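I have placed the structure first, in the form of structure tokens, so that the comments after it can refer back to it.
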């Protein structure tokens with residue numbers, strides 16, 4: 001142990017002797033580790049952000065889209081949606097795993113109030129839509145069955161639209177015009193923020209689907225519908241129930257392609273997660289390459305150091321240093337460079353992440369395990385890339401080494 | 001490695017006395033010096049039996065040592081002479097446990113060390129042999145004190161830093177360098193550097209001191225200084241083997257062994273030329 005400590009000191013002295021070279025060598029590792037930490041931070045952060053947005057959206061809802069109607073194997077594009085209000089009502093009535101349903105009919109349009117106007121998405125929804133999206137009103141109230149049945153011209157504004165048209169004023173009770181029809185504002189939705197795909201979810205207005213479908217779009221069929229399962233665990237069950245019910249209602253033979261598609265929020269979440277995970281891996285591997293290059297830098301310098309000190313190694317061997325003593329000495333040198341580089345890199349990486357989070361307003365996660373991992377990785381690089389030069393040194397022939405000048 | 005052997009084939013460096021022992025072959029021992037007489041009391045420090053060292057240079061085999069049998073008893077001061085290529089350096093490498101013989105046996109302090117592996121030889125070098133080289137071989141940018149205590153680092157018998165420094169100070173004092181402990185080699189004269197090397201060789205209290213042309217890089221006055229240190233150590237009982245090609249340096253030894261073409265061609269006692277500096 002005492003011997004080890006002394007040899008450790010010998011290795012450290014060699015580093016202190018070549019300060020500039022040691023600093024430059026460590027710089028490779030510093031940059032590598034800092035990159036890994038910052039990049040993993042960015043990746044993890046975006047993943048966490050996506051996850052939280054998905055969670056905010058609710059994980060237990062399904063979207064049912066119309067598909068293509070097929071008759072006797074031939075695909076016929078009818079221009080009409082294959083989904084009807086009755087389908088939705090049937091799902092609500094007959095699927096035990098489904099808690100809420102909301103027919104959807106969407107269109108785009110200008111919302112005009114006085115001299116201001118704002119182009120936005122007009123969503124026609126059912127009365128249960130706020131429960132599915134867990135999205136309540138912050139002012140006023142949502143419409144009820146009566147408004148839906150009578151296709152009333154009432155509207156609930158998303159907060160972005162409310163801000164754009166009314167500023168600080170309360171919009172409740174005001175009349176706005178959508179596609180030249182007057183709508184009475186009865187509520188404002190809570191602010192939800194950006195969506196998974198980066199859109200502003202609050203840039204929308206919500207009206208009864210009957211109004212949007214008949215009045216604004218002049219149609220009799222809904223665009224799609226949403227349904228939520230009674231619990232997150234029942235999503236799959238709900239999906240199965242809806243599927244079989246709709247197949248039955250649309251008189252589809254077994255094996256025939258369905259004329260609708262069911263997408264669960266979980267699938268969407270999965271896709272989004274996959275995407276951000278790919279991004280994380282991409283970032284981390286780019287950063288790892290710089291760490292690898294740093295490691296090669298260490299190996300390079302250690303090889304130079306071994307060659308340069310061949311004579312010294314010969315002297316040490318002649319007076320009784322064993323192979324492993326020399327190995328230890330050079331490994332200590334490589335390890336010290338990489339660990340010191342790793343520590344400084346961690347500080348820089350955390351600093352850079354903080355700076356990005358603050359300046360660029362990026363969501364950045366700094367999980368302690370990624371810091372530990374970066375540190376462990378830099379130490380491993382020291383051992384891995386230091387081993388070959390150190391072993392080369394330890395295997396020198398003392399006679400040859402002594403003769404080397 | 002073998003290049004030094006090419007030059008030795010000429011008649012250079014022949015001793016006039018060579019003929020007297022030329023017939024004795026590998027066992028060039030003098031009866032009056034035979035260590036076997038003393039062997040009952042103490043083990044010889046060096047006993048080699050028919051040492052052969054062959055270097056392979058591609059297809060060509062070079063017999064750098066061709067059957068050397070030699071015994072050195074405790075307290076002896078032996079000068080090994082010979083021109084370059086005579087095999088004396090190869091002999092010194094094997095005796096110094098830096099190299100192994102191709103065949104033959106070498107007992108150091110009664111132990112057969114001719115078949116030890118690298119690490120075992122390193123340990124033997126550390127504990128039993130003190131080297132002094134022609135080019136001093138001190139670590140640059142390392143103080144005299146640290147250079148002298150270097151072998152203790154690898155001794156692995158629990159020398160603490162304080163203990164090491166104490167021993168190194170003592171050894172530097174023995175070679176007359178007290179007060180220069182913190183000088184760097186670059187701040188010392190050649191003779192002083194060589195004395196630091198001697199102090200380093202002494203620190204583990206070795207059975208054998210092996211000096212390879214220790215005065216080769218020194219002027220004659222400094223050479224005398226260094227030789228007087230060796231004589232002093234020998235007077236105190238150290239066994240010294242000195243490799244040299246200079247006659248006036250060999251004169252300081254008590255016994256002169258001459259190598260030619262990988263064999264011992266002469267082995268005679270010698271009246272030590274005393275130097276007091």
Please tell me if residue A:248 is more than 30 Å from the chain's Cα centre (by Cα), in a helix (DSSP H, G or I) and surrounded by fewer than 15 Cβ atoms within 10 Å (Cβ to Cβ).
yes
Checked A:370, A:338 against criteria (more than 14 Å from chain B (Cβ to nearest Cβ), assigned to a helix (DSSP H, G or I) and modelled with pLDDT of 90 or more); the one match is A:338
Condition set at pLDDT 90 or above and within 7 Å of another protein chain (Cβ to nearest Cβ), scope segment B:147-157, selection surrounded by the most Cβ atoms within 10 Å (Cβ to Cβ): answer is B:151
Restricted to segment A:1-23 and to residues being exposed (fewer than 12 other Cβ atoms within 10 Å of the Cβ) and farther than 20 Å from residue B:161 by Cβ, the residue farthest from the other protein chains (Cβ to nearest Cβ) is A:20
message: For the structure I just gave you, tell me whether residue A:332 is in contact with a helix residue (DSSP H, G or I) (Cβ under 6 Å, 6 or more places away or on another chain), closer than 28 Å to residue A:30 by Cα and within 14 Å of chain B (Cβ to nearest Cβ).
response: yes
Scanning segment A:306-315 residue by residue, those assigned to a helix (DSSP H, G or I) and within 14 Å of chain B (Cβ to nearest Cβ) turn out to be A:308, A:310, A:311, A:312, A:313, A:314, A:315
Yes/no for residue A:303 being on the phi < 0 side of the Ramachandran plot, more than 14 Å from chain B (Cβ to nearest Cβ), over 28 Å from the mean Cα position of the chain (by Cα) and modelled with pLDDT of 90 or more
yes
The number of residues in segment B:122-137 that are farther than 16 Å from residue B:44 by Cα and more than 9 Å from every other protein chain (Cβ to nearest Cβ) is 3
Among B:119, B:109, B:99, the single one that is buried (at least 18 other Cβ atoms within 10 Å of the Cβ), modelled with pLDDT of 90 or more and facing chain A (nearest Cβ under 10 Å) is B:99
Those strands (runs of 3 or more DSSP E) completely within segment B:228-277 that have 1 or more residues that are farther than 18 Å from residue B:86 by Cβ are B:239-243, B:263-269
Practice task
Kindly establish whether residue B:160 is within 13 Å of chain A (Cβ to nearest Cβ) and at negative phi.
Solution key: yes
Does segment A:242-264 contain any residue that is within 21 Å of residue A:52 (Cα to Cα) and in contact with a strand residue (DSSP E or B) (Cβ under 7 Å, 6 or more places away or on another chain)? yes
### Task
Assess whether residue A:276 counts as being more than 14 Å from every other protein chain (Cβ to nearest Cβ), at pLDDT below 90, closer than 14 Å to residue A:40 by Cβ and crowded, with 17+ Cβ neighbours inside 10 Å.
yes
**Asked** Going by the conditions given, is residue A:338 over 30 Å from residue B:93 (Cα atoms), touching a residue at least 60 places away in the same chain (Cβ under 8 Å) and in contact with a helix residue (DSSP H, G or I) (Cβ under 8 Å, 6 or more places away or on another chain)?
**Response** yes
Just one listed residue, out of B:98, B:108, is within 12 Å of residue B:48 (Cα to Cα) and within 14 Å of the chain's Cα centre (by Cα), and it is B:108
If we take segment B:76-156, then strands (runs of 3 or more DSSP E) inside it with 3 or more residues that are under 30 Å from residue B:183 (Cβ atoms) are B:129-132
Expected single match for farther than 25 Å from residue B:43 by Cβ, surrounded by 23 or more Cβ atoms within 10 Å (Cβ to Cβ) and away from every other protein chain (no Cβ under 14 Å) among B:197, B:144 is B:144
So the helices (runs of 4 or more DSSP H) completely within segment A:121-168 holding 3 or more residues that are on the phi < 0 side of the Ramachandran plot and crowded, with 19+ Cβ neighbours inside 10 Å are A:129-132, A:159-166
Only unsatisfied item for residue A:204, checking (1) modelled with pLDDT of 90 or more; (2) within 16 Å of residue A:103 (Cα to Cα), is (2)
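The values are calculated or read from the model by the stated rules, or taken from the named source; none is laboratory data. From a predicted model like this one, the values you see are computed outputs, not experimental measurements. Note: ideal-geometry Cβ built from the backbone for every residue, glycine included; neighbour counts use all protein chains shown.
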